[in-house]
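Comments concern the structure below.
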Amino acid sequence: MSLPTAWITGAGGLIGHQLIQSAPQFAPGWRIRPITRDVVDLCNFAAVEGLFREETPRLIIHCAAMSRVGDCESNPGLAELTNVRATAHLSCLGADIPFVFFSSDLVFDGAKGGYLETDAVNPLNVYADTKVRAEVEVLRNPLHTVVRTSLNAGVSPTGNRSFTEDMRRAWERGQTLSLFTDEFRNPIHVKMTARAVWALVLKNQPGLYHLAGREEMSRWEIGQLLAQRWSPMEARMLATSLRDYQGPRRSPDTSVRSAKLQAILDFPLLGLREWLAANPHEPV
């Protein structure tokens, strides 16, 4: 018998690519179908419906998004179409099958940190607002799942989809990065994220989950950690504070707790520092 088909949207991105790469190990019971813009434009609803009828996937993991905050601010209409309407459309198409949607810790305003799934959201920018509204659409269906993740480290096929790739390229160009000492997230390596998502799919326990590293770190601490990892590359950085920041509103502490997800996993969700220590030769 042929294996059931799993669609992975955003297959050329950081998380989508890693889900595909790790499927033979963690999800051997699925036939993986990478979905990129070359396959179908998710904003072309008629084309998506046609492909869905043709391929009849039995699982959708929706990683595709307009994810750069600045791009969403400059083009909110496209962000709405890509992040909200296309997600709602896919969720409706997959009404009778498991559907996993990737959201973000930035749905919170960062006023307190240590957020649980039960805490109220309060998005501060267009990107975060589109994620909040997409979450609502997805969670209308009790078969469907929202995974809020944090900063994901790792290497993407295009070399420009992770925050670590952005930092490394900046340092290779000789730039000095201004890194906040008082803005906190829970960075995690993408390989950890992919393993956890496949485990969640196989557990078949839909709902809302946080999936992030168990150590909260400031941007400055992350920079120091990566500079040590990438030695002897010259890593120029300047410690700064949100108090002196003049740009668009930022969430100071969107650290999240992943205890709900951790309780159903049989392996620990390592923080970035722990993961790098345990995998000294892995790219990041």
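Key figures
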item	result
Strands (runs of 3 or more DSSP E) wholly inside region 149-257 containing at least 3 residues that are buried (at least 20 other Cβ atoms within 10 Å of the Cβ)	208-211
Extreme residue, surrounded by the most Cβ atoms within 10 Å (Cβ to Cβ), among residues of region 101-121 that are under 18 Å from the mean Cα position of the chain (by Cα), farther than 18 Å from His62 by Cα and among the charged types (D, E, K, R)	Asp109
Region 122-139, subset over 17 Å from the mean Cα position of the chain (by Cα) and without any contact (Cβ under 8 Å) to a residue 24 or more places away in the chain, residue nearest to Trp198 (Cα to Cα)	Val136
Region 77-98, residues that are hydrophobic (A, V, I, L, M, F, W, C) and not in a helix (DSSP H, G or I)	Ala95, Ile97
Any chance Arg33 is modelled with pLDDT under 95, under 21 Å from the mean Cα position of the chain (by Cα) and not small (Gly, Ala, Ser)	no
Flag for Thr145 being β-branched (Val, Ile, Thr) and closer than 25 Å to Glu117 by Cα	yes
Within region 1-53, tally of residues that are among the polar types (S, T, N, Q) and in a loop (DSSP other than H, G, I, E, B)	3
Residues located in region 99-128, provided they are acidic (Asp, Glu) and part of a loop (DSSP other than H, G, I, E, B)	Asp109, Glu117, Asp119
Enumeration of residues in region 54-75 that are more than 23 Å from Ile20 (Cβ to Cβ) and surrounded by fewer than 17 Cβ atoms within 10 Å (Cβ to Cβ)	Gly70, Asp71, Glu73, Ser74, Asn75
Matching option when the condition is more than 30 Å from Val121 (Cβ to Cβ), among the charged types (D, E, K, R) and modelled with pLDDT of 95 or more, among Arg169, Arg273, Arg214	Arg169
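The values are calculated or read from the model by the stated rules, or taken from the named source; none is laboratory data. Note that the structure is a prediction, hence the values are computed from the model and not measured. Virtual Cβ from ideal backbone geometry, glycine too; neighbours counted across all protein chains shown.
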